[in-house]
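Asker: Before I ask anything, here is the structure I am working with.
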Amino acid sequence: MKKVIQLIAFIGIMLFTGHTAKASHLLGGEITWECTANGKYIFTLAIYKECGGSTAGLGSTQNLSGPNGSIQLSQISVTEVSPTCLGGGSISCATSGPGNGAVERYVYTNDGVAGRPQPTTLSGVPGAGGWVFSWYSCCRPAGIANITSPTSAGYFLRAVMYPYTPAGATAPLNANPCYDNSPKFNETGSLTICAGSPFTYNHLASDKDLDSLFIRFGDAKINSAGTQNVNWVSNYSRTSPYPSNLTNAGNGPITLDGRTGEVSMDIQTATQGSYVSCYEVEAWKCGVDANGNSKMIKVASVFRDVAIVVINNCVNNNEPNAFIDTSTYKNIKQLGPKTYKTSVYPGDTVNFRLSATDTDINPSTFLPQQITFQAAGLEVSRPMASGTGCDGVAPCAQFTPVAPQVGYVKALNNNIEFFWVPDCQHLNVEGSYCNPINTFFFSMRMQDDGCPAPEIALTTFIVDVLPGDPSPLNLTCLNVDSVSGDRKLGWEKATIDSALDFNYYMVLAGPNSTGGYDTIQKIYDIDSLGTIVSGSGGYNNFYIIKSTGKCDFLSLPSDTLTVMDLTMNVIVTPLGDYADLSWTKLSDPLPYTSEGLYQVWQEVPAGSGNWKQVGQTNGTTYVDTVQVCDLFVNYQVRVADTTLLYCGSGSNLQKGRFSDKSNDDPLQLDSVSVNANGNSIISWNDTKNGDVVVYYLFFNDPKLGWQIVDTIPEGTPMPHEWTNSEADTRSEEFRIISADSCGNFSDNQLVKPHATIYLRNYLNKCEAYSRLSWNTYEGFGNQGVAEYRIWIQEIVNGTPGGWNILDTRTGEDTTYTQYNLQNGYEYCYRIQVIDTSGAKSSTSNELCILAEVPSKSKILYVAQVTNNTNRNTMELNTYIDAQADVLNFDIERALTPEGPFERIATIPKPTVGNTFNFFDYGANPKSNIYYYRVSATDSCGGRDTVTDLSNNVLLNVEARGDVSNMLSWNTYKNWAGDVARYDVYRQAEDETSYSLIAQVSSADSTYQDNFDRAVYGEGEGNFCYYVVAVEGPNPLVLVQPNGDPYDSRSNTVCMNQKARVFIPTAFNPNSEQEINRSFGPSMKFTEVSQYSFYIMNRWGVKVFETTNPEERWDGTFDGTEAAQGVYIYFITYATPGEVATEERGSFTLIR
């Protein structure tokens, strides 16, 4: 169960009144009026008041203030409208005091019944601001929480009647007789709810005249003149008058749907008390404004003043769950949580079931709560199941309990069937030119009986009754028959809803555009696309409408098409004759299916049928230069219809006699080119003059100047080929002129000459390039040359390839050089020039050459640079292209990659095979890194190809004090397969061959050799090394003759490790270990020289001496055991070739 705050809304329409009696417990009210059959007005004033308060000012009569004075009303009813519920805590006038939600409704009227005042006559026309009908009283209850000083604020209730000019009228209607009913409210102004859950309510405004309504929040007025608005407490306003998220973050916003009138709120926290608000309902009819334009006109506004009472600490209660199953009723759409809508045509059935459930238990009866159904709206039957008695027109909407349910009150669940068949009388079709849709609102209330404030589920159902299809047709053409004068009309076929009946097309016509249109035809076939109207009727203006639906609803009219009335003046001058044309507009704008232009057509001679378009314009005048030789000429103006469904629009014909006295044909060459035959081909624009019969081609002869070389009849297809051309050997320049039927020639000086492009070339066989050159193209005029495109075709072994663009050049550049020609290829070239617009082009002669050039080496590759130890030299192995036109190969060498390189040898091209070897005896492989390259010299003596650099591997070895040798070398460069690894080989002094001791990654070029002391500890100290670089997988699959990858051996380096001495600090001649029974140095790398070793006792007596590194002291002196104690030793030794080293120290002899 949700926590709820009780909210009681009292809705009042604001009215002017002369009444000033003070009734401080008023909660608001409303004023409405009704138009009677005899043209008078019945006004109704409803006033809402708290129960238990003073009734001062609420006597049996009330007066409204109006434009013609006071309007007296009499009381017809006083009704309690407090919420109804079961159990304790219920609210009623009998039990509840002021401010607790108990409300009475006082109603006053002048209906003339039972002695009440008679309906009122209102004469005259309301001003622009409307007539205001008002009622005033003071004051508002003290418990109002959202405005300041409520007890000093009165009620100014009002309703406004505005002037109205209906469609077809030229002035607003007089209010006598009456012509309009105001909107009215179908929900009462008393509502009690408990908050704590979202709540939706609708005052359900409706209009008997089917006017369009719009609901908004209005200004609540508080003074008798209606000039002062209420003063809002902070965070409250006209558009947010209730507790909302602006007053407390736990509340929801206040929303009002202006079209449906549905207001939603979610009040969770609020101060207990009343809350002022005001609603304005506007009524709009279709009419005309002051400028005569059809539009919606506001005709009335009524206001309802709302005071809301919030009561805290209500009993938990949920509203019934009411819904329409749109999955079953698929033509009904859900617009919001409690709003549904459907659209129908007259005669369609609207049927659905509204279901509500409420599982809450009434705490007084301990039974499920009772759900009561009520409906309100203009078309709601009274009684609800009768189909009659509604405030609108019959048939009325019926609400029937679903069997076996009987009655409209049921516990736990309530199911009500809605049934309505709207008919033609539910349409207000005078509004068809604005918004022909008539909208009906139904408020369906499912209310439980929980106390103190029942929960309400208010469902709004909207029905749009569509009279038919209002969309206008499109007239596409209006053509005048040149013989009969009949008018041929065409239009687009109507496209309508499949559920809607098509009745007919109605064609209306008038002699002019100012009015007086007659219905001249009705066409009942929807597939008809046009008709013919006799020209004898004098009709020049036409439009069309369509009728659809059961109620013969007429659509908006199409645009009006007017006969294009063409007039012509023949203007005669010494230089020639002109046709001065003018005509009336077909429509403004032209039909959307047209091209948007008027086309001017000419028939030469008149009656021949030889029509051609000579111009077009978006205006209604045109001057045409007529170039015929004393002939009658017809003119017609046309508007093309792009749909081509029925007709195009055409004017009447105008005929005149014209004679040509000159030929001002603005003839211009388009371009000149050279075709595959080597002949010039010439193109020019079509003539603008209708009587040209022949063209003359001029050629600028290098010796004779401009000469006529060809006569070309009018109509000859373009381009024209001059068969005597020699454009494959020269550039040829041309002009063109025309001659008309009267023998007049156009001016050849106005024609810009064009010259063909002549392409030449120079072939350099030795350097294998072709240099192209051509003359600039002249004749494009202001456009100029954008670029030259160089096209090429290669012919290989007699097979031609396709034409491709080799390169482009700017308009100023007329040369191009193609390098790297292939021997034996045939190359064909063309030059194409393009103007800056991209629309024009010209092509040169075709030029072909045979490339008899040296054949370049396809391969020249140094496969190996290695140290040849057998010859103590560097060896190069090189792959060559045996088919290349090469004389010899230069071997070049440098000490750095950057050079300088010196040629060290020239090797003639081998007569057999595709490799050669070279031994560089001038190299020192032990000391230097050499960089080699091989270049080929072609048959022209030029350099053909040069290899990448290749180098030898130079090894360095350093002996280290930690008894190891450090090897380093440079990397091998530019193998096609890159370096796979480096193999390290070593040979000790007492070994007979080299052994592979390591394989080093190609990313590394060092290696540290740590000796195995167990192997070399007493061995010789001289070690020799070399490194071999090994190639990885070669992409050309080039390997050594034995199938191994190519490699490169470095120089060999030998290194001596210096002798080292290790002397113990004590020894025992009687030790169990034999090695400890004698004393002497242990030699590392014992190849030593200048060796001397002797021992002295502490008295300085020498007890042992030797020069043999293998001899050691056994602890005796002169044949007897030496005494135990400390002794001194002296030793001198040297590695061969090194300076001698002396060492001394002491040791202990132990017995």
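No lab work stands behind these numbers, since they all come straight from the coordinates. Fair warning: this is a prediction, and the values are worked out from it, not measured in the lab. Reconstructed Cβ throughout: ideal geometry from the backbone, glycine too, with neighbour counts over all protein chains shown.
Asker: Using helices alone, I'd like the mean residue ellipticity at 222 nm for the chain: each DSSP H run of four-plus residues gives -39500 (n - 2.57), total over residue count, nearest 500.
Answerer: 0 deg cm²/dmol
Asker: Report, by chain and number, residues whose modeled amide H sits under 5 Å from the one on GLN616, excluding near sequence neighbours (fewer than 5 apart, same chain).
Answerer: When sequence neighbours closer than 5 places are left aside, the close amide H contacts are VAL600.
Asker: Still on this structure, I have one more. Take the Cβ-Cβ distance between ALA411 and THR495 as r, set R0 to 56 Å, and report the resulting FRET efficiency rounded to the nearest 0.05.
Answerer: Computed FRET efficiency for ALA411 and THR495 comes out at 0.60.
Asker: Take ASN618 and ILE520, extend 7 Å from each Cα along the Cα→Cβ direction, and tell me the distance between the two endpoints in nm.
Answerer: With each label point 7 Å from Cα toward Cβ, the separation is 3.1 nm.
Asker: So for the pair GLU1111, ARG259, with labels modelled 7 Å out along Cα→Cβ, what separation do we get in nm?
Answerer: About 12.9 nm separates the two model spin labels.
Asker: Now a separate question. Determine the distance separating the Cα centre of region 748-765 from the Cα centre of region 837-882; give it in Å without decimals.
Answerer: When both Cα centres are located, 36 Å separates them.
Asker: Right, here's the next one. What residue among TRP1099, PHE1117, SER1078 has its Cα farthest toward the positive end of the dipole of region 1060-1149, where the charges are +1 on Lys, Arg and -1 on Asp, Glu, each on the Cβ?
Answerer: TRP1099
Asker: To make sure I understand, if each residue's beta carbon is the centre and we count other beta carbons within 10 Å, what order do LYS184, LYS585, LYS330 fall in, fewest to most?
Answerer: Final ranking by Cβ density, sparse to dense: LYS330, LYS585, LYS184.
Asker: Ok, one more. Which order do TRP722, TRP1099, TRP975 fall in if you start with the one that has the fewest other Cβ atoms within 10 Å?
Answerer: TRP1099, TRP722, TRP975
Asker: Report, in debye and to the nearest 20, how large the dipole of region 953-1057 comes out about its Cα centre when Lys and Arg carry +1 and Asp and Glu carry -1 on their Cβ.
Answerer: 340 debye
Asker: For region 291-303, in order, what is each residue's ³J(HN,Hα) by Karplus, 6.51 cos²θ - 1.76 cosθ + 1.60 with θ = phi - 60°, in whole Hz (x at glycine and Pro)?
Answerer: The phi angles translate into 9, x, 8, 5, 6, 7, 10, 6, 10, 7, 9, 10, 10 Hz.
Asker: Something else about it: How would you order 63-69, 287-293, 938-944 from highest to lowest mean count of nearby Cβ atoms within 10 Å?
Answerer: 63-69, 938-944, 287-293
Asker: Where does the charge balance sit around GLY129 when Lys and Arg score +1, Asp and Glu -1, over other residues with C-beta under 13 Å from its C-beta?
Answerer: Every neighbour counted, the sum reads +2.
Asker: Once the piece of chain linking LEU704 and THR915 is laid out straight, how much longer is it, given 0.36 nm per residue of separation minus the C-alpha distance between them?
Answerer: 69.3 nm is the gain from fully extending LEU704 to THR915.
Asker: Starting from the Cα of THR810, step 7 Å along the direction of its Cβ; do the same at GLU902; then give the gap between the two resulting points in nm.
Answerer: So the two model labels end up 4.9 nm from each other.
Asker: Size of the dipole of region 764-840 about the Cα centre, Lys and Arg at +1 and Asp and Glu at -1 on the beta carbon, nothing else charged, in debye to 20?
Answerer: 120 debye
Asker: Can you tell me how much longer the chain between ASP325 and LEU367 gets when fully stretched, taken as 0.36 nm per residue apart minus their C-alpha distance, in nm with one decimal?
Answerer: Full-extension gain reported as 12.4 nm.
Asker: Give the order of ASP885, ASP325 when sorted by the count of other beta carbons within 10 angstrom, beginning with the fewest.
Answerer: Placing the least packed residue first, the sequence is ASP325, ASP885.
Asker: Same structure, new question: Could you tell me the center-to-center distance, by alpha carbons, between region 284-346 and region 581-596 in angstrom?
Answerer: Region 284-346 and region 581-596 have Cα centres spaced 45 Å from each other.
Asker: For the pairs LYS49/LYS341; LYS338/LYS493; LYS184/LYS333, flag any whose C-alpha to C-alpha distance is greater than 32 Å.
Answerer: Among LYS49/LYS341; LYS338/LYS493; LYS184/LYS333, the Cα-Cα distance tops 32 Å for LYS49/LYS341; LYS338/LYS493.
Asker: Then there is this: Cα centroid distance between region 1101-1132 and region 155-201, in Å?
Answerer: 140 Å
Asker: Ok, one more. Got a sec to turn the phi values of region 999-1004 into Karplus ³J(HN,Hα) couplings, 6.51 cos²θ - 1.76 cosθ + 1.60 with θ = phi - 60°, whole Hz, x for Gly and Pro?
Answerer: 10, 9, 4, 5, 7, 10
Asker: Which aspartates and glutamates, if any, have their Cα less than 16 Å from the Cα of LYS926, not counting same-chain residues under 8 positions apart?
Answerer: Candidates past the 8-residue exclusion: GLU875, GLU958.
Asker: Sticking with this structure for a sec: If R₀ is 60 angstrom, what is the calculated FRET efficiency for the pair GLU1072 and ALA1003, using the beta carbon separation as r and rounding to 0.05?
Answerer: Efficiency, rounded to the nearest 0.05: 0.65.
Asker: What are the ³J(HN,Hα) values, in whole Hz, obtained from phi via the Karplus relation 6.51 cos²θ - 1.76 cosθ + 1.60 with θ = phi - 60°, for each residue of region 820-827 in sequence order, with x given for Gly and Pro?
Answerer: 6, 5, 9, 4, x, 7, 10, 10
Asker: Rank THR843, ASN764, THR776 by how far each Cα sits towards the positive end of the charge dipole of region 759-850 (+1 on Lys, Arg Cβ; -1 on Asp, Glu Cβ) and give me just the farthest.
Answerer: It is ASN764.
Asker: Pairs LYS295/LYS546; LYS488/LYS546; LYS585/LYS655; LYS295/LYS488: which are spaced more than 29 Å apart, C-alpha to C-alpha?
Answerer: LYS295/LYS488
Asker: For region 669-750, what D do you get in µm² per second when you plug the Kirkwood radius from alpha-carbon pairs into Stokes-Einstein at 10 °C and 1.306 mPa s?
Answerer: It diffuses with D of about 120 µm²/s by this estimate.
Asker: Still on this structure: Hey, if you put +1 on the Cβ of every Lys and Arg and -1 on every Asp and Glu Cβ in region 669-750, which of SER738, PHE698, SER671 ends up farthest toward the positive end of that dipole?
Answerer: Final value for the positive-end residue is PHE698.
Asker: Computed from these coordinates, which is volume of the Cα convex hull per residue in Å³: (1) 280; (2) 171; (3) 428?
Answerer: Derived directly from the coordinates: (3).
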